[in-house]
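The values are calculated or read from the model by the stated rules, or taken from the named source; none is laboratory data. All values reported here derive from a predicted model rather than from experimental measurement. Cβ atoms come from the backbone with ideal geometry, glycine included; neighbour counts cover every protein chain shown.
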Amino acid sequence: MGVPHRLIPTAKELATPSSTIFFEESSLSLRFHEIAESGHRILNPLTPAKLDLLGEICRLRPGMRQLDLACGAGEMLAQWSARYDIEGVGVDLSKVFLDAAVARAAELGVTSRLRFVHGDAADHVAESEAYDVVSCVGATWIGGNLAGTIELMRPALRPGGLLVIGEVFWISEPPEEVCEANGMARTDYASLIGTNAVFESAGFELIEMVLSDADSFDRYVASQWRTMSDWLREHPTDPDATEFRDLLEVARRAHLLSRNHLGWGVFVLRAI
């Protein structure tokens, strides 16, 4: 369960035409997020209450199975396994986040029901039609874009199962300054109605959604500024410190410019 946690471009990526920074994960930006989000359990703008609501919406029952691609620190899998007695598999690039996921599963007493795999979720080969829920919450870069990620998720889903996808969307038409600050084009994302059109084109019906609001987005993002600022004060000679300062400034500016234009939500889909 991860970003918006993959959204920050490096200076090199910002200088690259037709940037694909929402879909690519450099080792530098990965380490940045491992530090900046070290105080987070939920690695996206969902509040704990909305994560609970999402579980209720999915109507989970004991014995169901979930595959969570780019699972981050595994909070969704661990909480849902504890609350609903489900089984699951989480896949993520970050060993740091997976260590946190394993620890959280142990804390909640669900270690025997969950398995965490270190690797690129884009390359994960799952059992065919083996999962009641297949999720990718905030990491549609794994498939190149939203449509591509749906195709990655589709084979693992049982007939009648649910896709759970976290994705950003345009609240309003963004000025060019917002796109430049995020290293993206307007066409990389869509409005809510445009996002739903992608779902329908892929053969899925949008049956539910849980959207973050500006305050929860602020708490997810702004708290990272403090964590990273504190870390930089404590580690001024770290080899990555200079680039991390630049990344922090990029992240802060991008959020302040985007706040009234960029939204985020989790969409629950079922095959038509």
### Query
Can you tell me which residue in segment 36-59 is nearest to Val164 (Cα to Cα), limited to those that are among the aliphatic types (A, V, I, L, M) and crowded, with 20+ Cβ neighbours inside 10 Å?
Leu54
### Task
Identify, by number, the condition in (1) β-branched (Val, Ile, Thr); (2) farther than 25 Å from Thr47 by Cβ; (3) buried (at least 17 other Cβ atoms within 10 Å of the Cβ) that Val210 doesn't meet.
(2)
### Message
Kindly evaluate Gly194 against the criterion of being small (Gly, Ala, Ser) and under 19 Å from the mean Cα position of the chain (by Cα).
### Response
no
### Matching option when the condition is buried (at least 18 other Cβ atoms within 10 Å of the Cβ), touching a residue at least 12 places away in the same chain (Cβ under 8 Å) and over 22 Å from Val210 (Cα atoms), among Ala139, Ala130, Ala122
Ala122
### Residue that is farthest from Ala214 (Cα to Cα), among those in segment 142-185 that are of a type in the set (Gly, Ala, Ser), in contact (Cβ under 8 Å) with a residue 12 or more places away in the chain and in a helix (DSSP H, G or I)
Ala156
## Note on the structure
Reported set for segment 186-218 where residues are hydrophobic (A, V, I, L, M, F, W, C), assigned to a loop (DSSP other than H, G, I, E, B) and out of contact with any strand residue (DSSP E or B) (no Cβ under 8 Å at 6 or more places or on another chain) is Ala202
### Query
Does Asp52 satisfy the condition of being touching a Cys at 6+ places or on another chain (Cβ under 8 Å), farther than 28 Å from Glu180 by Cα and at pLDDT 50 or above?
no
### Task
Please verify whether segment 95-108 includes one or more residues that are under 21 Å from Met228 (Cβ atoms), aromatic (Phe, Trp, Tyr) and part of a helix (DSSP H, G or I).
yes
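Return yes or no: is Arg31 more than 19 Å from the chain's Cα centre (by Cα) and either under 27 Å from Gly160 (Cβ atoms) or outside any loop (DSSP other than H, G, I, E, B) (or both)?
Taking the combined requirement at face value, the residue does not satisfy it.
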### Task
Scan segment 204-250 residue by residue and report those that are within 19 Å of the chain's Cα centre (by Cα), under 30 Å from Arg158 (Cβ atoms) and in contact (Cβ under 8 Å) with a residue 60 or more places away in the chain.
Leu206, Glu208, Val210, Ser212
#### Entry: In segment 68-99, residue surrounded by the fewest Cβ atoms within 10 Å (Cβ to Cβ) [restricted to those that are in contact with a His (Cβ under 8 Å, 6 or more places away or on another chain), under 20 Å from Glu127 (Cβ atoms) and touching a residue at least 60 places away in the same chain (Cβ under 8 Å)]
Asp92
#### Entry: Close pairs (9 angstrom Cβ cut-off, 6 or more residues apart or separate chains): over 20 Å from Val137 (Cβ atoms) and touching a residue at least 40 places away in the same chain (Cβ under 8 Å) in segment 251-263, of a type in the set (Ser, Thr, Tyr) and surrounded by fewer than 18 Cβ atoms within 10 Å (Cβ to Cβ) anywhere
Asn260/Ser172; His261/Ser172
